[in-house]
């Protein structure tokens, strides 16, 4: 069990650019979540996958955000036309079916200049 | 909508006991979780309550009262390493979790 991994750990980009983040969950975990966290706040739910199916998506998530989990293993989160307000820590978490424990990755810290 | 309230900051001394409260208002409820997050680190799972009552795990205990929409995390025999932020989170179907803004715990020697 190597834990949840995320890549890259840090990303600096210019406003208007597209960015993509990757999450590798713990193997055999079929549940995968994406969150966004800003300083002094709790994780904010973005989207949820059960295997390859995206079953939940936050209404707060604009059309610039899209996520995939094509084979039910790793997942990607893409932000198009980044804005300064997108600067945050993007966290991925996974859990096994029926498990209430979420295992979080180290996060990707995004800074939009 | 969903809302969770927890104190923003708590300070206690080493060896003491501290209780962090969480009240919630949700359109549906299945369970209450607690997570710990050290500065610069990822959240780590502490406990989950789906039924009323107290769950004990070592120095940490978590309580839930569904009728009062209230829960708390109890930390005993505080250690310096317990200095961190603590988040309560609610879920109604495990497809989505709502986190509170967090309570920053400062443990002083």
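Please treat every number below as a calculation from the coordinates, not as lab data. Every value quoted in this text rests on a predicted model; they were computed, and no experiment measured them. No Cβ is skipped: glycine too gets one built from the backbone with ideal geometry, and neighbour counts run over all protein chains shown.
Treat the stretch B:1-50 as a sphere of radius equal to its Kirkwood radius over Cα pairs and apply Stokes-Einstein at 4 °C in a medium of 1.567 mPa s; give the translational diffusion coefficient in µm²/s, rounded to a whole number. Walk me through the intermediate numbers first.
Details: Rh = 13.1 Å.
Calculated translational D: 99 µm²/s.
Give the distance, in whole Å, between the Cα centre of the stretch A:4-66 and the Cα centre of the stretch B:52-92.
Measuring centre to centre over Cα atoms gives 27 Å.
Give the Debye-formula value of log10 I(q)/I(0) at each listed q (0.16, 0.19, 0.22 Å⁻¹), with one equal scatterer per alpha carbon of chain A, two decimals each.
Calculated log10 I(q)/I(0) at the listed q: -0.67, -0.94, -1.25.
If you look at just the Cα atoms of chain B, how large are its Rg and its Dmax in Å?
According to the Cα coordinates of chain B, Rg and Dmax are 13.3, 42 Å.
For the protein assembly as shown, would you read off the P(r) tail past 21 Å as a percentage of all alpha carbon pairs? Don't skip to the answer; put the middle values down first.
Details: 13454 of 24531 pairs.
I get 55 percent for the Cα pairs in the protein assembly as shown exceeding 21 Å.
Calculate, axis by axis, the spread of Cα positions in the stretch B:56-100 along the three principal axes, and write the results as whole Å, longest axis first.
For the stretch B:56-100, the Cα extents along the three principal axes come out at 34, 21, 15 Å.
Determine, for B:13, B:18, B:90, the number of other Cβ atoms within 10 Å of each Cβ, and report the residues in order from fewest to most. The partial results should precede the final answer.
Details: B:13 11, B:18 19, B:90 24.
The most exposed by this proxy come first: B:13, B:18, B:90.
Got a sec? How would A:32, B:105, B:54 order by Cβ neighbour count within 10 Å, fewest to most? Each step should come with its number before you reach the end.
Working: A:32 28, B:105 21, B:54 11.
Fewest to most other Cβ atoms nearby, the residues stand as B:54, B:105, A:32.
Which three lengths, in whole Å and largest first, does the stretch A:1-41 cover when its Cα atoms are put on their principal axes?
Result for the stretch A:1-41: principal-axis Cα extents of 37, 24, 16 Å.
Among A:89, B:80, rank each residue by its count of other Cβ atoms within 10 Å, from fewest to most, as a rough exposure measure.
Values: A:89 20, B:80 9.
Listed from fewest to most nearby Cβ atoms, that is B:80, A:89.
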